[in-house]
């Protein structure tokens, strides 16, 4: 049961949520061109590795099975990464430790995202709709992400010990 009474036991929790919302809004307003380009290059390589024909149309656009795909900022999960940083950051970490932790966090999320999208293309190639192979795994990823963040909160004492999702 979601114990909302424990949600704000930590006096900094409202600030964390406010900074998370600002992070999402700001990150979605930026073009993230180089990140999108890097993800496009990685996806093209990965899709070719699973045996599909890919035609690069631009630095952030490609074609598979006569369908044009454009890699947007949302494809990179950057809004969720930036938005989750205030929720995960600990005041006990030094600047160097924080930078290292969040660089690792960014890389892990990017690898998971690339795997998710590549698996989606695998099933798309097998005849499933792109909507199904893209949106359902994305929703599942976000759901797991929220559970992981709440477990992180409990493990690190950011939330009250009685707060749970189950």
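Derivation of every value follows stated rules applied to the coordinates shown; laboratory data play no part. None of the values given here were measured: they were computed from a predicted structure. Don't worry about glycine lacking a Cβ; one is built from the backbone with ideal geometry, like all the others, and counts go over all protein chains shown.
Go through segment 121-151 and give me each residue that's under 30 Å from residue 92 (Cβ atoms) and within 16 Å of the chain's Cα centre (by Cα).
Going residue by residue through segment 121-151, those that are under 30 Å from residue 92 (Cβ atoms) are 141-151.
The answer is 141, 142, 143, 144, 145, 146, 147, 148, 149, 150.
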### residue 70, sole failed condition from (1) under 20 Å from residue 137 (Cβ atoms); (2) in contact with a helix residue (DSSP H, G or I) (Cβ under 7 Å, 6 or more places away or on another chain)
(2)
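Could you say whether any residue in segment 122-144 is within 16 Å of residue 49 (Cα to Cα), in contact with a strand residue (DSSP E or B) (Cβ under 9 Å, 6 or more places away or on another chain) and either surrounded by fewer than 16 Cβ atoms within 10 Å (Cβ to Cβ) or in contact (Cβ under 8 Å) with a residue 40 or more places away in the chain (or both)?
Within segment 122-144 (the criterion being within 16 Å of residue 49 (Cα to Cα), in contact with a strand residue (DSSP E or B) (Cβ under 9 Å, 6 or more places away or on another chain) and either surrounded by fewer than 16 Cβ atoms within 10 Å (Cβ to Cβ) or in contact (Cβ under 8 Å) with a residue 40 or more places away in the chain (or both)), the answer is yes, since at least one residue qualifies.
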### Message
Where the second residue is part of a helix (DSSP H, G or I) and surrounded by fewer than 17 Cβ atoms within 10 Å (Cβ to Cβ) and the first is on the phi < 0 side of the Ramachandran plot and touching a residue at least 12 places away in the same chain (Cβ under 8 Å) and lies in segment 22-44, which pairs have Cβ atoms under 9 Å and are six or more apart or on separate chains?
### Response
28/74
